[in-house]
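Colleague: Shown below is the structure under consideration.
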Amino acid sequence: MDLDSLISVTSGWLDGSGPQSDVVISCRIRLARNLAQFPFLSRADDFERAEIANFIREAAFKNLAHCEERQADFKLDYDDLLYIDVDDISPIDRQFLMERQLISRELSESHGARGVVIGDRQQTSLMINEEDHIRMQVLRNGFNLDECWSEINQVDDAIENEVSFAFHEQFGYLTACPTNVGTGIRVSVMLHLPALVQTREIRKVFQAMQKMNLAVRGLYGEGSQAMGDYYQISNQITLGKSESQIIEMIKAEVPHIIDYERRAREALMAENRAKLHDQVSRAYGILRNAQTISSEETLHLLSSLRMGVNLDLINIPEIPLANEILIYTQPAHLQKKYNREMNSQERNAHRADYLRERWTDAEINQGDS
């Protein structure tokens with residue numbers, strides 16, 4: 001497995017099979033850790049950054065395979081680990097990894113020795129020298145936090161078998177940013193909330209989340225804007241609570257949002273089913289036949305289409321295909337697919353080409369089944 005081969009492999013967290021996947025696209029748990037024997041990155045020189053990267057890479061490749069030996073409940077993705085030197089790849093490749101949710105914007109835009117270890121199903125990644133020495137993360141499709149925690153806890157233990165993490169008896173794990181001190185855990189759930197946006201109820205969700213000390217961000221997490229009615233809900237506080245308490249808090253609050261979104265969808269259907277059906281059909285018509293289309297418009301139309309599939313207003317595409325198209329129509333994915341850099345106008349034309357091809361393939365496959 002290498003970076004270029006990732007374009008032909010759909011990430012496991014996009015398969016649409018997880019719990020509550022009509023509303024929940026994916027969930028993620030991330031842990032921030034620092035090595036005890038090295039300074040934080042803000043104080044590390046180039047030589048120390050390189051040492052940290054090599055140390056963590058070796059620990060990951062040596063120990064992650066043992067996670068799979070201890071886990072029989074579900075498939076882990078350590079058969080074919082891939083390490084990518086982020087400092088040594090092009091800006092398009094960095095954006096591609098961001099679009100796959102495998103690295104953060106911070107890691108992409110940082111400097112010096114840094115990298116990422118990626119599992120073969122692209123549901124696990126270890127970012128090295130981002131803000132902290134290690135940012136390990138596990139993603140799962142749907143609302144599946146228990147499985148996320150089970151795996152990332154094993155990953156954390158496996159790495160800690162080889163290295164010593166910076167830890168304080170009173171404060172917990174020590175991190176570059178004070179908001180991560182303690183458990184170092186960030187639990188997030190990516191939600192598709194088109195009905196709450198259309199009924200103008202989404203503001204109430206934001207207000208409720210703020211009262212619960214939960215952050216609401218866009219498709220690509222911190223610093224990103226909401227696009228296509230996709231929102232990430234995550235905890236803001238890690239100090240003073242255990243990992244299980246934080247996870248249980250998210251598990252308790254997210255179902256309220258899921259129910260709220262479903263009720264809003266039912267209200268839209270009851271109010272004017274024909275109008276909603278027309279909205280969904282128009283979205284499919286544009287996506288199916290456009291000759292040029294922007295990324296923003298694609299996300300907006302896919303949002304309507306995805307809701308329409310879940311409401312049985314249209315039977316193309318299936319949810320896994322809608323999730324795949326969400327990612328594959330992003331700018332870096334298009335440029336990787338067509339193997340060349342493009343300006344915005346060229347991307348818009350090739351995005352339309354790709355969409356027409358995918359719909360045609362989906363219709364042929366549906367006809368054959």
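The values are calculated or read from the model by the stated rules, or taken from the named source; none is laboratory data. Fair warning: this is a prediction, and the values are worked out from it, not measured in the lab. Glycine gets a Cβ as well: all are built from the backbone with ideal geometry, and neighbour counts include every protein chain shown.
Colleague: Please work out if THR238 is in a loop (DSSP other than H, G, I, E, B) and surrounded by 15 or more Cβ atoms within 10 Å (Cβ to Cβ).
Modeller: Spelling it out, THR238 is indeed in a loop (DSSP other than H, G, I, E, B) and surrounded by 15 or more Cβ atoms within 10 Å (Cβ to Cβ).
Colleague: While we're on this one: Kindly indicate which of LEU76, LEU126, LEU145, LEU107 is in contact with a helix residue (DSSP H, G or I) (Cβ under 8 Å, 6 or more places away or on another chain), modelled with pLDDT of 95 or more and under 24 Å from GLU248 (Cβ atoms). Talk me through it step by step, then tell me what you get.
Modeller: Details: LEU76 fails: modelled with pLDDT of 95 or more; LEU126 fails: under 24 Å from GLU248 (Cβ atoms); LEU107 fails: under 24 Å from GLU248 (Cβ atoms).
Step by step, each of LEU76, LEU126, LEU145, LEU107 is checked, and only LEU145 is in contact with a helix residue (DSSP H, G or I) (Cβ under 8 Å, 6 or more places away or on another chain), modelled with pLDDT of 95 or more and under 24 Å from GLU248 (Cβ atoms).
Colleague: Would you check which residues across region 123-142 are small (Gly, Ala, Ser) and within 17 Å of ILE159 (Cα to Cα) and list them? Spell out how you get there, then give the answer.
Modeller: Narrowing region 123-142 to residues small (Gly, Ala, Ser): 125, 142.
If the condition is that a residue be small (Gly, Ala, Ser) and within 17 Å of ILE159 (Cα to Cα), then SER125 is the only one that fits.
Colleague: Quick one: in region 83-118, of everything that is over 14 Å from the mean Cα position of the chain (by Cα) and part of a loop (DSSP other than H, G, I, E, B), which residue is surrounded by the most Cβ atoms within 10 Å (Cβ to Cβ)?
Modeller: ARG114
Colleague: OK, next. From the list ARG203, ARG262, pick out the single residue that is among the basic types (Lys, Arg), without any contact (Cβ under 8 Å) to a residue 40 or more places away in the chain and in a helix (DSSP H, G or I).
Modeller: ARG203
Colleague: Within region 124-141, is there a residue that is assigned to a helix (DSSP H, G or I), under 29 Å from ASN310 (Cα atoms) and in contact (Cβ under 8 Å) with a residue 60 or more places away in the chain?
Modeller: no
Colleague: Determine whether ASN161 is in contact with a strand residue (DSSP E or B) (Cβ under 6 Å, 6 or more places away or on another chain) and touching a residue at least 40 places away in the same chain (Cβ under 8 Å). Break it down into steps so the answer makes sense when it comes.
Modeller: On the way: in contact with a strand residue (DSSP E or B) (Cβ under 6 Å, 6 or more places away or on another chain): no; touching a residue at least 40 places away in the same chain (Cβ under 8 Å): yes.
Here the answer is no, as ASN161 does not meet what is asked.
Colleague: Could we say that ARG347 is in contact (Cβ under 8 Å) with a residue 40 or more places away in the chain, surrounded by 21 or more Cβ atoms within 10 Å (Cβ to Cβ) and of a type in the set (Lys, Arg) here?
Modeller: Working: in contact (Cβ under 8 Å) with a residue 40 or more places away in the chain: yes; surrounded by 21 or more Cβ atoms within 10 Å (Cβ to Cβ): yes; of a type in the set (Lys, Arg): yes.
So ARG347 fits the description; yes.
Colleague: Is region 224-235 home to any residue that is exposed (fewer than 15 other Cβ atoms within 10 Å of the Cβ), on the phi > 0 side of the Ramachandran plot and not aromatic (Phe, Trp, Tyr)?
Modeller: Kept after step one, since they are exposed (fewer than 15 other Cβ atoms within 10 Å of the Cβ), are these residues of region 224-235: 224-225.
Filter once more, keeping what is on the phi > 0 side of the Ramachandran plot: none.
There is no residue in region 224-235 that is exposed (fewer than 15 other Cβ atoms within 10 Å of the Cβ), on the phi > 0 side of the Ramachandran plot and not aromatic (Phe, Trp, Tyr).
Colleague: Any chance you could count how many residues in region 1-43 are more than 15 Å from the chain's Cα centre (by Cα) and touching a residue at least 12 places away in the same chain (Cβ under 8 Å)?
Modeller: 21
Colleague: Six or more apart or on different chains, Cβ under 6 Å: which pairs go from a residue in region 322-333 that's surrounded by 22 or more Cβ atoms within 10 Å (Cβ to Cβ) to one that's outside any helix (DSSP H, G or I)? Could you list them?
Modeller: ASN323/GLY16
Colleague: Separate question: Could you tell me whether ALA176 is buried (at least 21 other Cβ atoms within 10 Å of the Cβ) and outside the structural domain of HIS300 (by TED's automatic domain parsing)?
Modeller: No: the conditions fail for ALA176.
Colleague: Select, from ALA158, ALA176, ALA215, the only residue that is farther than 27 Å from GLU261 by Cβ and not in a helix (DSSP H, G or I).
Modeller: The match here is ALA176.
Colleague: A follow-up question, please. Could you tell me which numbered condition LEU287 fails, if it satisfies all but one of (1) assigned to a helix (DSSP H, G or I); (2) more than 24 Å from the chain's Cα centre (by Cα); (3) assigned by TED's automatic domain parsing to the domain that holds LEU334; (4) not β-branched (Val, Ile, Thr)?
Modeller: Only one criterion is unmet by LEU287, namely (2).
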